[in-house]
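The values are calculated or read from the model by the stated rules, or taken from the named source; none is laboratory data. Just so you know, these numbers come straight off a predicted model, no measurement behind them. Virtual Cβ from ideal backbone geometry, glycine too; neighbours counted across all protein chains shown.
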Amino acid sequence: MDILEQLGELLLTSIPTIICFLVLWVAYRQIVHKKLVQVLAERHTRTEGAIQAAQSEISKAEARTAEYEQRLREARSQIYKAQEARRRHTMEKRSAALGQARQHADEMVKHARAALEKDVKEARSSLERQADALADQVIASILRPVAASGSR
């Protein structure tokens with residue numbers, strides 16, 4: 001029984017330690033643990049909130065980037081259209097200028113041909129007159145010696 005007595009005595013002497021331990025445990029739970037859990041929960045929500053905010057900002061930035069790229073494509077398309085319109089307008093002006101130049105050249109050729117034909121007619125008529133005059137001179141020079149010998 002000596003062991004039981006010692007065990008009982010040990011149990012009785014450990015009761016204040018157990019009570020002290022329980023008071024300490026309750027105080028820890030009330031003072032430290034609750035605050036620690038609150039701080040960890042707040043940290044978790046802030047961390048998750050920051051992650052969600054970052055993801056939201058990333059998605060907004062991606063949306064703005066996509067919108068910027070779309071606007072850039074539209075601007076390039078408008079520039080290409082304007083360049084094409086200018087090129088087409090220039091080609092039309094060039095074609096019109098070429099048409100006018102051809103028409104002017106055709107008119108100049110017609111006038112030159114008409115002038116050439118007029119010059120040819122004048123030259124022919126001049127040659128015919130000269131030929132007639134030369135023929136008259138030749139006939140006169142041939143007939144003069146004959147006329148002079150016939151009157152002798």
Open item on the list: Being over 60 Å from the mean Cα position of the chain (by Cα) and either surrounded by 10 or more Cβ atoms within 10 Å (Cβ to Cβ) or not β-branched (Val, Ile, Thr) (or both) narrows it down to one residue among 7, 36; which is it?
Closed with: 7
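Does region 120-134 contain any residue that is modelled with pLDDT under 95, part of a helix (DSSP H, G or I) and exposed (fewer than 10 other Cβ atoms within 10 Å of the Cβ)? It would help to see each step written out before you state the result.
Within region 120-134, the first condition is being modelled with pLDDT under 95, and the residues that meet it are 120-134.
Going one step further and asking which of them are part of a helix (DSSP H, G or I), we end up with 120-134.
Imposing the further condition that a residue be exposed (fewer than 10 other Cβ atoms within 10 Å of the Cβ) reduces the set to none.
Looking through region 120-134, none of the residues is modelled with pLDDT under 95, part of a helix (DSSP H, G or I) and exposed (fewer than 10 other Cβ atoms within 10 Å of the Cβ).
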Open item on the list: Could you go through region 21-33 and let me know if any residue there is in a helix (DSSP H, G or I) and loosely packed, with under 10 Cβ neighbours inside 10 Å.
Closed with: no
